[in-house]
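The values are calculated or read from the model by the stated rules, or taken from the named source; none is laboratory data. The model shown is predicted, which means the values in this text are computed figures rather than measured ones. A quick note on method: Cβ atoms are made from the backbone with ideal geometry, for glycine too, and the neighbour counts reach across all protein chains shown. SASA here: full protein model, heavy atoms, side chains in, ligands and nucleic acids out. Shrake-Rupley method; radii C 1.70, N 1.55, O 1.52, S 1.80 Å.
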Amino acid sequence: MTELKGKHVAAMFISGFGIIIAVNLTLAWNAVQTFPGLEVKNSYVASQTFDADRTAQLALGWEVSARLQGDQLVLEIAKNEQPVEPKIVSAVFSRATSVAVDQTPQFTFDGVAFRAPVHAGLGNWNLRLEARAADGTMFRQRIIVEAAQ
């Protein structure tokens, strides 16, 4: 059996902490690479109109939901149970934690709902929607997408 010397202890110490540092760097790298990014460029500026924007958006009285039906993303916007057809300003269909598979759905309105072809797998999906009402009010919402049963 080999005698345990100072150089052996130093090698074990350096190896152990080297593994810890390597794992931490790997986790930090992956966290930064999968972060979807900022919601707004300047949160202070966005906060100045937040209450007024929220009040105007709530005054629209829209009920919004989205779900997957096969390879179709179905977006329903209704007021008093009647379909509403606002102008879709932007829509991004994505995972909650990564921008790697972001999609920009091209919606068409069928008289009841907006539909767009998408490529979706299992898991959590979000639809980040910006729509403009007929009166010019902007509607912004992140919608959790429900998979079809």
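Residue-wise test of (1) touching a strand residue (DSSP E or B) at 6+ places or on another chain (Cβ under 8 Å); (2) farther than 28 Å from Arg140 by Cβ.
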position	(1), (2)
Met1	no, yes
Lys5	no, yes
His8	no, yes
Ser15	no, yes
Ala28	no, yes
Ser47	no, no
Phe50	no, no
Trp62	yes, no
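If the condition is being over 22 Å from Asp102 (Cβ atoms) and open to solvent by 90 Å² or more (accessible area, probe 1.4 Å), then region 25-44 contributes Leu25, Leu27, Tyr44. Any residue at all in region 56-70 that's open to solvent by 90 Å² or more (accessible area, probe 1.4 Å) and at pLDDT 90 or above? Within region 56-70 (the criterion being open to solvent by 90 Å² or more (accessible area, probe 1.4 Å) and at pLDDT 90 or above), the answer is yes, since at least one residue qualifies. Taken together, the criteria place Thr55 among residues that are without any contact (Cβ under 8 Å) to a residue 40 or more places away in the chain, closer than 20 Å to Arg142 by Cβ and not in a loop (DSSP other than H, G, I, E, B).
If you check Ala116 against the conditions, is it free of Cβ contacts under 8 Å to residues at least 60 places away in the same chain, surrounded by 12 or more Cβ atoms within 10 Å (Cβ to Cβ) and in a strand (DSSP E or B)? Yes, satisfied.
In summary, Glu85 fulfils each of the numbered conditions (1) in a helix (DSSP H, G or I); (2) open to solvent by 70 Å² or more (accessible area, probe 1.4 Å) with the single exception of condition (1).
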